Amino acid sequence: MASPQTPLRTLHQVPEAPGRLPLVGHVATLARDPFRFLMGLREHGDSVLLHLGRTPVLFVSDTELVHQALVAQGSVFATGRIFERLGAVFGNGLPVADIPTHRKQRRIMQPAFHRSQMGRYSTTMTANAEAMVARWSPGRRLVADTELLDLALSNTTEILFSSRLSDADRAEVHRSIPVIAHDVLVRAVMPAFLDPLPIPLNRRCDTAAARLRVIVEGILDGHYRSPQHHDDLLTVLVQARDPETGRPMDGTQLRDELITMLGAGTETTSSIAAWAVHEIARHPVAERRLVAELDAVVGDRPVTPADIPRLTCAEEILNETVRLHAAPLLTRRTVKPTVLGDIRLPAGTEVAFSPYALHRDPRHFPHPDAFWPERWQHIGSGRPRSFFLPFGGGAHKCIGDSMAWTQLHITLATIYRRWRLRPDRSHRVRQLPAAITRPDHLPMIAEPREPAPARAEGARS
């Protein structure tokens, strides 16, 4: 917040970012090279003004301003333009819900995502990861991003619904999730007058969203018709009650939350895992450290949640992966007038920030473009607030972060306990802007590891 001596500015006194065009504002410049554009905004100050069409958007690059919007003034900032567009896909799920609905839903759902629940979910995660690597053969060329999306999808559907998707439904989800992840971000930055028009982008995204809804509604119908007991997250949510009112979640809200978890959870976890194996393949030192750690901690048995606190190298690799390949753009919207830094914001003001750019700020991360997992051994309590946002922050921080983090540790440990993945040099991997940055295509070669040496004491316990 500004000190009493700091003169306050209005939104339109904030310097404007270069590249604005008539009618579309900064949309064309942003679409041309979103990563370079967002990274370059820092050069114009901690706050700059963008225009998405005719809509002014305050873009902030300072971690303290981001912290104010996410945490300190969290009750003043709703989720904003990007998440509003997600409503077409996820209905009124947690990422989209207004502040009162979000609070109510979070109260109901939080117990199901507590760390204490990860043990029951990890059994499914480990079994599916073991099944995935058991299908691989030496020298096999595999598409790692597809393999890891399929793994995340299996984990999500079995944990949510105690069931596997049919081959047809699995193919639909594989087809729909990347479309939604990309197109929602594009729609969020398009001028608003394009929203209702039947342009190809809108039709493609709406069709993909409709396919997801049909799949989830079909699973729900089968769940309610089935007489047997289900030990799954859906049953937990059906039985959950608001601790303040004692009321359950209504059917429409339940459907929306399940679509959110199926879509957003699967895409986020699989993209992070894909980037992690890509970075490990490019950095032999990181791979050697990870393999040595797994030999010492896990040995030749499946990984368990009890191992995860001891997998410090895996933790560093995942932190560094999320740092380098974070969400390109997130938004918030003021629900009442407020002051952010030294800027007066009326109600309804869009505020944006880029975790991707924040995570590459040399003020907080020396050599920001380098993949250096060891940096996390030296990051202490002196860092600014909200300098690292792997799953967002504040009241709207991802409710499934513990589940995603558990799944990611289990996935890496299961793969590298038995295999090494080598990059296929015939393809140069590109990063694609989406709800979370994802690789365009990740062909790799599977090579078996040498048999591990005798394990450290306790590895077989």
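The numbers here are math on the coordinates, done by the rules we state, and not lab data. Quick caveat, the model's predicted, so the values are computed rather than measured. Neighbour counts are summed over all protein chains in view; Cβ atoms, including those assigned to glycine, are modelled from backbone coordinates with ideal geometry.
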ASP440: net charge of surrounding residues, Cβ under 10 Å, Lys/Arg +1, Asp/Glu -1, itself excluded? +2
For the stretch 342-383, listing trypsin sites (Lys or Arg not before Pro) in a DSSP loop whose Cβ sees at most 15 other Cβ atoms within 10 Å gives ARG363
Stokes-Einstein diffusion coefficient of the stretch 170-233, Kirkwood radius over Cα pairs, 20 °C, 1.002 mPa s, in µm²/s: 157 µm²/s
Based only on Cα atoms, what Rg/Rh ratio does the stretch 11-92 have, Rh being taken as Kirkwood's radius? 0.99
Quickly work out the VAL238-to-THR10 label distance, labels modelled 7 Å from Cα along the C-beta direction, and quote it in nm with one decimal. 5.6 nm
Fewest Cβ neighbours within 10 Å first, please rank CYS398, CYS313 accordingly. CYS398, CYS313
If you fit an axis through the alpha-carbon atoms of helix 312-324 and take the longest principal axis of the Cα set of the chain, what angle between them do you get, 0 to 90°, nearest 10? 40 degrees
If you rank PHE37, PHE193 by fewest surrounding Cβ atoms within 10 Å, what's the result? PHE193, PHE37
Compute the distance from the alpha-carbon center of the stretch 1-57 to that of the stretch 244-276, in whole Å. 32 Å
As an exercise, use a Förster radius of 30 Å and the Cβ-Cβ distance of ALA168 and VAL285 to find the FRET efficiency, rounded to the nearest 0.05. 0.10
By counting other Cβ atoms within 10 Å of each Cβ, how are ASP221, ASP300 ranked from fewest to most? ASP221, ASP300
Integer Hz, Karplus 6.51/-1.76/1.60 couplings in order for the stretch 33-44, x for Gly and Pro: 7, x, 5, 5, 4, 5, 5, x, 5, 4, 5, 9
Going by average Cβ density within 10 Å per residue, which order do the peptides 175-182, 200-207, 333-340, 351-358 take, highest to lowest? 351-358, 175-182, 333-340, 200-207
Is the shape of the stretch 110-236 rounded, prolate or oblate, going by the alpha carbon gyration tensor and its root eigenvalues a ≥ b ≥ c, with a/c under 1.5 for rounded and a/b larger than b/c for prolate? oblate
Find the all-direction average of the projected area of the Cα convex hull for the stretch 320-461, expressing the result in square nanometres with one decimal place. 12.8 nm²
Which distance in Å, rounded to a whole number, links the C-alpha centroids of the stretch 114-146 and the stretch 306-367? 28 Å
Would you calculate the convex hull of the Cα atoms in the stretch 180-302 and tell me its volume per residue in Å³? 221 Å³
Phi-based couplings in Hz for the stretch 46-51 (Karplus 6.51, -1.76, 1.60; Gly and Pro marked x): 6, 9, 9, 9, 10, 10
How many times 2.2 N^0.38 Å is the alpha carbon radius of gyration of the chain? 0.99
Using 0.36 nm per residue, how much length does the chain from LYS397 to ILE379 gain when fully extended, once their Cα-Cα distance is taken away? 4.3 nm
Under the rule of at least 5 residues apart or a separate chain, name every residue whose amide H is placed under 5 Å from the amide H of GLY80. ARG333
